[in-house]
Structure formats: structure tokens, C-alpha cells
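This report refers to the structure that appears directly beneath it.
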Amino acid sequence: MRGPLPSFAEEQLSPASLRAKGLFDVDRVTRTRELHRSRRVDRSEQLQAVLQLQLWDEIFVRGRSLDDFDVGPPAPGD
């Protein structure tokens, strides 16, 4: 969760996606990501939970298929 994430994860943790779903406080998730990436504290479990719920919403509420997600490795330079 500290390095480059696959594009589907970046999309789901983006402020726009968080705001659109309305499940989380966008500023709080953004601050949590920044704190985690600074390596001051490990917030990987919280960020994984946010990502899982965002994906759950995509699949079970919005009807997307797992095939709709780009699950390949991060693009070089990300």
C-alpha cells in the first residue's frame, strides 16, 4: 500500500471515487494514505478495508464484474 498500486486500486482510493460512493470521509482517507506513505505509521489494514468496501460496492451494488477491473501490475514509473 506504500508503493505504486494497480490502476483499479488507485481508482477506488481516489478522492473522486471515494466522494462518488459517499462511504468514507474523503479527507480522512487521503490523510491516512499520506501518513501511511510517509512510513511514520502502518495503516495498511485500514486502507485495505477501505479498498475492499469500495470494491464490494462496485461489484455488489453497481453490478460490475471482476473482469471490468485492470488487475495487472502498476505501470512503470507509477
Just give me the residues in the stretch 27-45 being surrounded by 17 or more Cβ atoms within 10 Å (Cβ to Cβ) and under 12 Å from the mean Cα position of the chain (by Cα), in sequence order. VAL29, THR32, ARG33
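Yes/no per residue for (1) out of contact with any strand residue (DSSP E or B) (no Cβ under 8 Å at 6 or more places or on another chain); (2) at pLDDT 95 or above; (3) of a type in the set (A, V, I, L, M):
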position	(1), (2), (3)
ARG28	yes, yes, no
SER38	yes, no, no
SER44	yes, no, no
ALA49	yes, yes, yes
TRP56	yes, no, no
SER65	yes, no, no
GLY72	yes, no, no
PRO76	yes, no, no
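Can you name the residue in the stretch 21-44 that is part of a helix (DSSP H, G or I) and among the acidic types (Asp, Glu) and is also nearest to TRP56 (Cα to Cα) among such residues? Outline the logic, then answer.
Of the stretch 21-44, the ones part of a helix (DSSP H, G or I) are 21, 26-37, 44.
With the extra rule that they be among the acidic types (Asp, Glu), the set shrinks to 27, 34.
Numbers: ASP27: 21, GLU34: 24 Å.
So, considering only residues that are part of a helix (DSSP H, G or I) and among the acidic types (Asp, Glu), the one nearest to TRP56 (Cα to Cα) is ASP27.
The values are calculated or read from the model by the stated rules, or taken from the named source; none is laboratory data. Remember, predicted model here, so these are calculated numbers, not experimental data. Reconstructed Cβ throughout: ideal geometry from the backbone, glycine too, with neighbour counts over all protein chains shown.
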